[in-house]
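First the structure, in the form of C-alpha coordinates, and then the observations on it.
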Amino acid sequence: MRRLEVLDPGRYALVEDLGRPGYAHLGVAPSGALDTASLRLANRLAGNAEAAAGIEALLGGLSVRFTAAVTAAVTGPPVDVRIDGRSAGSHVPLAVRAGQTLTLGTPSAGLRCYLAVSGGIAVEPVLGSRSRDVLSGIGPPPLRAGDVLPLGEPGIPVGADVVVPVRAPGELVVPVTLGPRDDWFDDPAGGLSAGWTVTAESNRVGLRLDGTPLRRAVDGELPSEGVVTGAIQVPPSGLPVVFLADHPTTGGYPVAAVVATAALSALAQARPGTRIRFRPS
(Lines give C-alpha, C1' and ligand atoms only; values in the text may rest on other atoms or scores of the structure.)
Protein backbone atom coordinates (compact mmCIF):
# COMPACT_ATOMS: atom_id res chain seq x y z
CA MET A 1 0.00 0.00 0.00
CA ARG A 2 1.02 3.61 -0.55
CA ARG A 3 1.83 5.29 2.74
CA LEU A 4 3.51 8.30 4.23
CA GLU A 5 5.48 7.90 7.47
CA VAL A 6 5.89 10.92 9.71
CA LEU A 7 9.49 11.10 10.93
CA ASP A 8 9.15 14.54 12.51
CA PRO A 9 5.92 16.59 12.59
CA GLY A 10 7.82 19.82 13.22
CA ARG A 11 6.17 22.30 15.51
CA TYR A 12 2.59 21.40 14.67
CA ALA A 13 1.22 19.54 11.67
CA LEU A 14 -2.36 18.67 10.77
CA VAL A 15 -4.18 16.83 8.02
CA GLU A 16 -6.45 19.36 6.31
CA ASP A 17 -8.62 19.56 3.20
CA LEU A 18 -11.15 22.22 2.20
CA GLY A 19 -13.27 21.59 5.29
CA ARG A 20 -16.79 20.56 6.19
CA PRO A 21 -19.13 23.54 5.58
CA GLY A 22 -22.82 23.19 6.27
CA TYR A 23 -22.80 21.89 9.83
CA ALA A 24 -23.07 25.17 11.75
CA HIS A 25 -26.57 24.20 12.92
CA LEU A 26 -24.89 21.29 14.72
CA GLY A 27 -22.24 23.48 16.27
CA VAL A 28 -19.47 22.21 13.98
CA ALA A 29 -17.12 24.76 12.42
CA PRO A 30 -16.17 24.55 8.73
CA SER A 31 -12.52 23.85 9.60
CA GLY A 32 -10.15 23.05 6.74
CA ALA A 33 -6.88 24.61 5.64
CA LEU A 34 -6.47 28.19 6.75
CA ASP A 35 -4.69 29.09 3.50
CA THR A 36 -7.00 27.38 1.02
CA ALA A 37 -5.28 28.96 -1.99
CA SER A 38 -2.00 27.32 -1.03
CA LEU A 39 -3.60 23.92 -0.48
CA ARG A 40 -5.40 24.13 -3.82
CA LEU A 41 -2.15 25.04 -5.58
CA ALA A 42 -0.21 22.23 -3.90
CA ASN A 43 -2.85 19.73 -4.98
CA ARG A 44 -2.78 20.95 -8.57
CA LEU A 45 0.99 20.62 -8.67
CA ALA A 46 0.76 17.09 -7.25
CA GLY A 47 -1.88 16.07 -9.78
CA ASN A 48 -4.78 15.93 -7.32
CA ALA A 49 -8.20 17.46 -7.18
CA GLU A 50 -8.01 20.73 -5.28
CA ALA A 51 -10.09 19.34 -2.40
CA ALA A 52 -7.73 16.46 -1.63
CA ALA A 53 -6.34 16.34 1.89
CA GLY A 54 -2.77 17.43 2.51
CA ILE A 55 -0.63 18.39 5.50
CA GLU A 56 -0.60 21.86 7.01
CA ALA A 57 2.74 22.38 8.77
CA LEU A 58 3.08 25.31 11.15
CA LEU A 59 6.50 26.97 10.64
CA GLY A 60 7.77 24.02 8.62
CA GLY A 61 10.03 21.43 10.19
CA LEU A 62 8.01 18.53 8.80
CA SER A 63 9.90 15.40 7.73
CA VAL A 64 8.18 12.44 6.03
CA ARG A 65 9.19 9.25 4.24
CA PHE A 66 7.25 7.48 1.47
CA THR A 67 6.73 3.76 0.89
CA ALA A 68 6.04 4.30 -2.83
CA ALA A 69 7.04 6.71 -5.57
CA VAL A 70 4.94 9.88 -5.41
CA THR A 71 4.63 13.34 -6.86
CA ALA A 72 4.74 15.87 -4.03
CA ALA A 73 4.46 19.65 -3.82
CA VAL A 74 5.03 22.18 -1.06
CA THR A 75 3.35 25.60 -1.11
CA GLY A 76 2.58 28.47 1.24
CA PRO A 77 5.49 30.78 2.04
CA PRO A 78 8.77 30.04 0.25
CA VAL A 79 10.59 27.37 2.22
CA ASP A 80 13.64 25.15 1.89
CA VAL A 81 12.52 21.70 0.70
CA ARG A 82 14.95 18.80 0.66
CA ILE A 83 14.73 15.23 -0.63
CA ASP A 84 17.25 12.99 1.09
CA GLY A 85 19.13 16.14 2.05
CA ARG A 86 19.29 17.60 -1.45
CA SER A 87 17.62 20.92 -2.16
CA ALA A 88 14.47 20.42 -4.24
CA GLY A 89 12.52 23.69 -4.11
CA SER A 90 8.97 24.67 -3.24
CA HIS A 91 6.00 25.48 -5.48
CA VAL A 92 7.03 22.89 -8.07
CA PRO A 93 6.11 19.23 -8.65
CA LEU A 94 8.65 16.95 -6.98
CA ALA A 95 9.31 13.35 -7.99
CA VAL A 96 10.05 11.37 -4.85
CA ARG A 97 11.10 7.71 -4.99
CA ALA A 98 10.01 5.01 -2.59
CA GLY A 99 12.06 5.17 0.61
CA GLN A 100 13.13 8.77 0.16
CA THR A 101 12.63 11.44 2.81
CA LEU A 102 11.15 14.88 2.20
CA THR A 103 11.95 17.58 4.76
CA LEU A 104 10.78 21.17 5.13
CA GLY A 105 12.91 23.93 6.57
CA THR A 106 11.53 26.93 8.43
CA PRO A 107 9.99 29.64 6.22
CA SER A 108 11.44 33.12 6.67
CA ALA A 109 7.98 34.66 6.43
CA GLY A 110 4.48 33.36 6.89
CA LEU A 111 3.30 30.54 9.12
CA ARG A 112 1.82 27.56 7.33
CA CYS A 113 3.30 25.38 4.61
CA TYR A 114 1.21 22.82 2.74
CA LEU A 115 2.40 19.42 1.55
CA ALA A 116 0.30 17.65 -1.08
CA VAL A 117 1.06 14.13 -2.28
CA SER A 118 -0.30 12.44 -5.40
CA GLY A 119 -3.45 10.58 -4.42
CA GLY A 120 -4.01 12.73 -1.36
CA ILE A 121 -3.91 11.83 2.31
CA ALA A 122 -6.56 9.13 2.58
CA VAL A 123 -7.36 9.04 6.28
CA GLU A 124 -10.96 8.28 7.22
CA PRO A 125 -13.24 11.30 6.69
CA VAL A 126 -15.49 12.63 9.47
CA LEU A 127 -18.66 14.46 8.41
CA GLY A 128 -17.40 14.43 4.85
CA SER A 129 -13.97 15.92 5.54
CA ARG A 130 -10.49 14.75 6.50
CA SER A 131 -9.74 18.03 8.26
CA ARG A 132 -8.79 18.44 11.89
CA ASP A 133 -11.02 20.76 13.92
CA VAL A 134 -8.82 21.71 16.85
CA LEU A 135 -11.69 23.25 18.84
CA SER A 136 -14.06 20.28 18.78
CA GLY A 137 -11.43 17.58 18.31
CA ILE A 138 -13.15 16.26 15.18
CA GLY A 139 -10.95 14.70 12.52
CA PRO A 140 -7.49 13.13 12.62
CA PRO A 141 -5.33 14.17 15.60
CA PRO A 142 -2.22 16.31 15.20
CA LEU A 143 0.57 14.35 13.58
CA ARG A 144 3.23 12.68 15.71
CA ALA A 145 6.52 11.02 14.90
CA GLY A 146 5.82 7.44 13.87
CA ASP A 147 2.38 8.11 12.44
CA VAL A 148 1.70 6.29 9.17
CA LEU A 149 -0.86 7.86 6.84
CA PRO A 150 -2.51 6.05 3.91
CA LEU A 151 -2.30 7.67 0.50
CA GLY A 152 -4.88 7.46 -2.26
CA GLU A 153 -3.98 6.07 -5.65
CA PRO A 154 -2.59 8.59 -8.16
CA GLY A 155 -5.39 9.95 -10.30
CA ILE A 156 -8.00 9.00 -7.67
CA PRO A 157 -8.96 12.17 -5.89
CA VAL A 158 -10.04 11.68 -2.32
CA GLY A 159 -11.23 15.14 -1.35
CA ALA A 160 -14.55 15.52 0.36
CA ASP A 161 -16.15 17.56 -2.42
CA VAL A 162 -14.67 15.80 -5.37
CA VAL A 163 -17.11 14.59 -8.06
CA VAL A 164 -14.81 13.16 -10.69
CA PRO A 165 -14.54 9.59 -11.89
CA VAL A 166 -11.93 7.37 -10.32
CA ARG A 167 -10.25 4.21 -11.49
CA ALA A 168 -10.61 1.20 -9.30
CA PRO A 169 -8.75 -1.92 -10.47
CA GLY A 170 -10.24 -2.82 -13.83
CA GLU A 171 -13.10 -0.33 -13.86
CA LEU A 172 -14.11 3.31 -14.08
CA VAL A 173 -16.18 4.53 -11.12
CA VAL A 174 -18.49 7.36 -12.18
CA PRO A 175 -20.50 9.57 -9.78
CA VAL A 176 -24.12 10.16 -10.74
CA THR A 177 -27.17 11.93 -9.33
CA LEU A 178 -30.32 9.83 -9.31
CA GLY A 179 -33.36 11.14 -11.16
CA PRO A 180 -35.42 12.62 -12.53
CA ARG A 181 -37.14 9.29 -13.30
CA ASP A 182 -35.41 6.94 -10.88
CA ASP A 183 -38.82 6.08 -9.39
CA TRP A 184 -39.61 4.25 -12.62
CA PHE A 185 -37.17 1.48 -11.66
CA ASP A 186 -36.79 -1.13 -8.95
CA ASP A 187 -33.69 -0.32 -6.88
CA PRO A 188 -32.15 2.14 -9.36
CA ALA A 189 -29.17 2.86 -7.08
CA GLY A 190 -28.33 -0.81 -6.70
CA GLY A 191 -28.87 -1.53 -10.38
CA LEU A 192 -26.67 1.33 -11.55
CA SER A 193 -23.97 0.41 -9.04
CA ALA A 194 -23.58 -3.01 -10.65
CA GLY A 195 -20.88 -3.41 -13.25
CA TRP A 196 -21.49 -2.37 -16.86
CA THR A 197 -19.45 -2.83 -20.03
CA VAL A 198 -19.12 -0.28 -22.83
CA THR A 199 -20.22 -1.86 -26.11
CA ALA A 200 -18.93 -1.38 -29.65
CA GLU A 201 -22.21 0.35 -30.59
CA SER A 202 -21.15 3.44 -28.63
CA ASN A 203 -20.43 6.70 -30.41
CA ARG A 204 -20.52 10.46 -29.87
CA VAL A 205 -24.26 10.29 -29.27
CA GLY A 206 -23.89 8.02 -26.29
CA LEU A 207 -22.29 5.08 -24.59
CA ARG A 208 -24.30 1.92 -24.92
CA LEU A 209 -23.78 -0.39 -21.96
CA ASP A 210 -24.20 -4.11 -21.42
CA GLY A 211 -24.89 -5.81 -18.11
CA THR A 212 -27.81 -6.90 -15.95
CA PRO A 213 -30.85 -4.96 -17.24
CA LEU A 214 -32.55 -2.49 -14.92
CA ARG A 215 -36.04 -3.62 -13.93
CA ARG A 216 -38.94 -1.26 -14.56
CA ALA A 217 -41.32 -0.48 -11.69
CA VAL A 218 -43.71 1.59 -13.83
CA ASP A 219 -45.42 0.38 -16.98
CA GLY A 220 -46.04 2.57 -19.99
CA GLU A 221 -43.92 5.25 -21.58
CA LEU A 222 -43.23 8.92 -21.05
CA PRO A 223 -44.00 11.80 -23.38
CA SER A 224 -40.78 13.12 -24.85
CA GLU A 225 -38.95 15.43 -22.45
CA GLY A 226 -35.68 17.29 -22.43
CA VAL A 227 -32.46 15.44 -21.71
CA VAL A 228 -29.01 16.73 -20.85
CA THR A 229 -25.49 15.57 -21.55
CA GLY A 230 -24.71 12.81 -19.08
CA ALA A 231 -28.32 11.63 -18.81
CA ILE A 232 -28.56 7.87 -18.32
CA GLN A 233 -31.57 6.91 -20.40
CA VAL A 234 -32.98 3.41 -20.11
CA PRO A 235 -34.83 1.96 -23.13
CA PRO A 236 -37.18 -1.05 -22.86
CA SER A 237 -34.21 -3.44 -22.98
CA GLY A 238 -33.14 -2.16 -19.53
CA LEU A 239 -29.62 -1.53 -20.81
CA PRO A 240 -28.61 2.09 -20.16
CA VAL A 241 -27.38 4.62 -22.69
CA VAL A 242 -25.24 7.48 -21.36
CA PHE A 243 -25.84 10.52 -23.54
CA LEU A 244 -22.66 12.27 -24.70
CA ALA A 245 -22.07 15.52 -26.59
CA ASP A 246 -24.08 14.71 -29.70
CA HIS A 247 -27.17 13.39 -27.92
CA PRO A 248 -30.73 14.28 -28.95
CA THR A 249 -32.26 17.13 -27.01
CA THR A 250 -35.40 15.19 -26.10
CA GLY A 251 -36.18 11.58 -25.40
CA GLY A 252 -39.13 9.42 -24.46
CA TYR A 253 -37.39 6.81 -22.32
CA PRO A 254 -37.00 7.44 -18.58
CA VAL A 255 -33.72 8.93 -17.33
CA ALA A 256 -32.63 7.07 -14.19
CA ALA A 257 -29.70 9.35 -13.29
CA VAL A 258 -27.34 12.01 -14.60
CA VAL A 259 -23.56 11.72 -14.69
CA ALA A 260 -21.56 14.43 -12.93
CA THR A 261 -20.25 16.92 -15.48
CA ALA A 262 -16.66 16.42 -14.36
CA ALA A 263 -16.88 12.71 -15.27
CA LEU A 264 -17.88 13.21 -18.89
CA SER A 265 -14.34 13.62 -20.24
CA ALA A 266 -13.35 10.23 -18.88
CA LEU A 267 -16.44 8.61 -20.37
CA ALA A 268 -15.55 10.17 -23.73
CA GLN A 269 -12.29 8.15 -23.62
CA ALA A 270 -13.92 4.86 -22.64
CA ARG A 271 -13.19 2.23 -25.29
CA PRO A 272 -15.48 -0.73 -25.97
CA GLY A 273 -14.87 -3.29 -23.26
CA THR A 274 -14.26 -0.69 -20.54
CA ARG A 275 -15.91 -1.63 -17.28
CA ILE A 276 -18.01 1.10 -15.61
CA ARG A 277 -19.67 1.26 -12.21
CA PHE A 278 -21.93 4.17 -11.36
CA ARG A 279 -21.77 5.66 -7.86
CA PRO A 280 -25.14 7.21 -7.03
CA SER A 281 -25.21 10.13 -4.64
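Residue-wise HN-Hα couplings along region 125-135, as the Karplus relation 6.51 cos²θ - 1.76 cosθ + 1.60 with θ = phi - 60° gives them from phi, are x, 10, 6, x, 9, 9, 7, 8, 9, 6, 6 Hz; Gly and Pro carry x.
Provide the gained length on full extension for the span ARG3 to VAL148, in nm with one decimal, where the gain is 0.36 nm per separating residue minus the Cα-Cα distance.
Numbers: separation 145, 0.36 × 145 = 52.20 nm, distance 0.65 nm.
Extending this stretch completely gives an extra 51.5 nm.
Residues in region 55-61 carry Karplus couplings, in order, of 10, 9, 10, 6, 6, x, x Hz; the curve used is 6.51 cos²θ - 1.76 cosθ + 1.60 with θ = phi - 60°, and Gly or Pro positions show x.
By how many nm would the segment from SER108 to ARG44 lengthen if fully extended, with 0.36 nm per residue of separation less the alpha-carbon distance? Working it through step by step, the gained length comes to 20.6 nm. Between ASN203 and ARG86, the simple spin-label model (points 7 angstrom out along Cα→Cβ) gives 5.3 nm.
Taking ALA42, ALA245, ALA116 as the candidate residues, the one with maximal mean-square fluctuation in a Gaussian network model of the chain, Cα springs under 10 Å, is ALA245. Full extension of the chain between ARG279 and TYR12 gives 92.4 nm of extra length, using 0.36 nm per residue less the Cα-Cα distance.
Select from region 200-281 those trypsin sites (Lys or Arg not before Pro) which occupy a DSSP coil region and have at most 16 other Cβ atoms within 10 Å, ordered by residue number.
Working: sites: ARG204, ARG208, ARG215, ARG216, ARG275, ARG277; in loops: ARG204, ARG215.
In loop regions of region 200-281 (DSSP not H, G, I, E or B), the sparsely surrounded trypsin sites (Lys or Arg not before Pro) are ARG204, ARG215.
Rolling a 1.4 Å sphere over the protein heavy atoms, what is the accessible area per residue of the chain, to the nearest Å²?
On the way: 12850 Å² over 281 residues.
For the chain, the per-residue accessible area is 46 Å².
Spin-label model, ARG216/SER265: points 7 Å from Cα along the beta carbon direction are separated by 3.8 nm.
The helix-only estimate of mean residue ellipticity at 222 nm for the chain, built from DSSP H runs of length n ≥ 4 each weighted as -39500 (n - 2.57), is -2000 deg cm²/dmol after division by the residue total.
Our note on the geometry: Cα centres of region 51-70 and region 214-270, 42 Å apart.
Applying both filters, DSSP loop and at most 15 other Cβ atoms within 10 Å, to the trypsin sites (Lys or Arg not before Pro) of region 19-128 gives ARG97.
Applying D = kT/(6 pi eta Rh) to the chain, where Rh is the Kirkwood radius over alpha-carbon pairs, T corresponds to 10 °C and eta to 1.306 mPa s, the Stokes-Einstein value obtained is 77 µm²/s.
Using a Gaussian network for the chain with springs between C-alpha atoms less than 10 Å apart, which of these wobbles most: PRO248, PRO188, PRO223? In this elastic network of the chain, the residue with the biggest mean-square fluctuation among PRO248, PRO188, PRO223 is PRO223. Taking only alpha carbon atoms, region 34-86 gives an Rg to Rh ratio of 0.94, where Rh is the Kirkwood radius. Only protein heavy atoms count here; under a 1.4 Å probe, ASP246 has an accessible surface of about 80 Å².
With everything on Cα atoms, drop me the angle between helix 36-46 and the longest principal axis of the chain, reported from 0 to 90° to the nearest 10. Roughly 80 degrees, rounded to the nearest 10.
Build a GNM of the chain with springs between Cα atoms under 10 Å apart, and of GLY146, GLY60, GLY89 the one that fluctuates most is GLY146.
Here, region 7-96 has an Rg and a Dmax of 14.1, 49 Å when only alpha carbons are counted.
Of the accessible area of the chain, with the probe set at 1.4 angstrom, what percent is carbon plus sulfur? Each step should come with its number before you reach the end.
Values: 6920 of 12850 Å².
Of all accessible area on the chain, carbon and sulfur atoms account for 54 percent.
The values are calculated or read from the model by the stated rules, or taken from the named source; none is laboratory data. Predicted, not measured: the structure shown is a model, and the values here were computed from it. In this analysis, Cβ positions are derived from the backbone assuming ideal geometry, glycine residues included, and neighbour counts consider all displayed protein chains. The protein model used for the area step is the full one, side chains on, heavy atoms only, and it has no ligands, DNA or RNA in it. Shrake-Rupley method; radii C 1.70, N 1.55, O 1.52, S 1.80 Å.
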